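The structure appears right after this line, and notes come after that.
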Amino acid sequence: MLVVPTRAEFRRVLEAERRAGRSIGLVPTMGALHAGHRSLLEAARRDCDVVALTIFVNPLQFAAGEDLSAYPRTLERDLELAAEVGTTVVFTPSDVEMYPMPTLTTVHVDGLTATMEGAARPTHFDGVTTVVTKLFNLAGACRAYFGEKDYQQLAVVTRMAADLDQPVTVVPCPILREADGLALSSRNVYLSAEDRAAAPVLHRALRDAADAVAGGERDARALIGLVSTRLGAEPRAALEYVAVVDASSLEPLTELLPGVAARVILTARFGSTRLLDNIGVVAP
Ligand code: PAF
């Protein structure tokens, strides 16, 4: 496994692989890898000849006062996990390597970024789409693997790649969960023992919403009410938002139409830790 800290080397390695006729699977991450990231690497390993992992805690997607300096950094363990899965190359740039000059150019995806995480963190998605565009430009033609846990991010990146004709196929990968239902996230390490014990309420509330849809509920407001009530009963959870949206446009829905994929998406705080989760629903 090659570990390369410079943009030039990363580009060179992947260009050589492509020239040799090998396909590239790209897995962009901020490190602190867990089983969710492992499943992205495994999917890339299954589909592609070469697996390229990137580890970069992107300052551009954190606002002042967010957890940039506290963000977990576990490079040694990350490299062990990457090697176990058969990763070919790991890109580990420094901040200066990634942004040698102050960035004057930003990639902005309109519409999809206006709600939910985009409303709660107004500069976040421009940071994500700018760094992901840089990574796509360095990696070249590839398949890129993103988890459904950050569902809005997945939708935004997929639309960006289509709008800008980036030579990248974005591959969605399912959410991985702990046995009690908590979605795997690098931020779970911030949870106190009490908050960790309470956090599976998110998945239970989402499951309740999915069960209600399976049982015939079509009214988005009723689903939002159900999830809010469920979370309201857990004193450690502070719900920030819950939305019922079209699965591809992310447009808020008032009513679920039979056979049309929708997503129930929420964010809640446990102490100072924000957790995101979501579930796919289709009205019968
Ligand atoms: O999902 C993440 O870890 C980050 O937002 C990403 C896509 C690696 C961009 O920094």
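Every number in this text was worked out from the coordinates using simple rules, so none of it is lab data. These numbers were taken from a predicted model, which means no experiment stands behind them. Here the Cβ positions follow ideal geometry from the backbone for every residue, glycine too, while neighbour counts run over all protein chains shown.
At a glance:
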quantity: Summed side-chain charge close to residue 273 - residues other than residue 273 whose Cβ falls under 10 Å, Lys, Arg +1, Asp, Glu -1; calculated: +2
quantity: Between region 60-117 and region 206-284, the alpha-carbon center distance in angstrom; calculated: 28 Å
quantity: Relative contact order (%) - criterion: Cα under 8 Å, at least six apart; region: region 121-266; calculated: 16 percent
quantity: Sequence-separation-based contact order of the chain, relative, with Cα cut under 8 Å and 6+ spacing, percent; calculated: 16 percent
quantity: Residue among 212, 237, 141 farthest towards the positive dipole end of the chain, charges placed on Cβ; calculated: 141
quantity: Three-way shape label, region 144-284, alpha-carbon gyration tensor, a/c 1.5; calculated: oblate
quantity: Charged-residue dipole, Cβ positions (Lys, Arg, Asp, Glu), the chain about Cα centre, Debye nearest 20; calculated: 360 debye
quantity: Other-chain or far-sequence residues with amide H under 5 Å of residue 34's (modelled H); calculated: none
quantity: Residue 239 long-range amide H proximity, modeled H, under 5 Å; calculated: 269
quantity: Charge dipole magnitude, Cβ of K and R +1, D and E -1 - region 156-277, Cα centre, debye nearest 20; calculated: 280 debye
quantity: Listed residues 225, 65, 118, most fluctuating in the chain (Gaussian network, C-alpha, under 10 Å); calculated: 65
quantity: Overall form of region 7-122 per C-alpha gyration tensor (a/c, 1.5; a/b vs b/c); calculated: prolate
quantity: Length-normalised contact order for region 201-284 - Cα pairs under 8 Å, 6+ apart - percent; calculated: 32 percent
quantity: Student exercise, region 232-271 dipole from Lys, Arg, Asp, Glu Cβ charges, in Debye to nearest 20; calculated: 200 debye
quantity: In Hz, Karplus ³J(HN,Hα) per residue of region 179-185 (6.51, -1.76, 1.60; θ = phi - 60°; x = Gly, Pro); calculated: 4, 8, x, 5, 5, 5, 7
quantity: Those GluC sites (Glu not before Pro) in region 26-82 that DSSP places in a loop and that have at most 16 other beta carbons within 10 Å; calculated: 66
quantity: Cβ-based charge dipole, the chain, positive-most Cα from 30, 222, 75; calculated: 75
quantity: Options 122, 93, 111, ranked by Cα towards positive dipole end of region 61-156, top entry (Cβ charges); calculated: 111
quantity: Structure-based [θ]222 nm, the chain - -39500 (n - 2.57) summed over DSSP H runs of at least 4, per residue, nearest 500; calculated: -11500 deg cm²/dmol
quantity: Neighbourhood net charge (15 Å Cβ-Cβ; Lys/Arg +1, Asp/Glu -1) for residue 77; calculated: -2
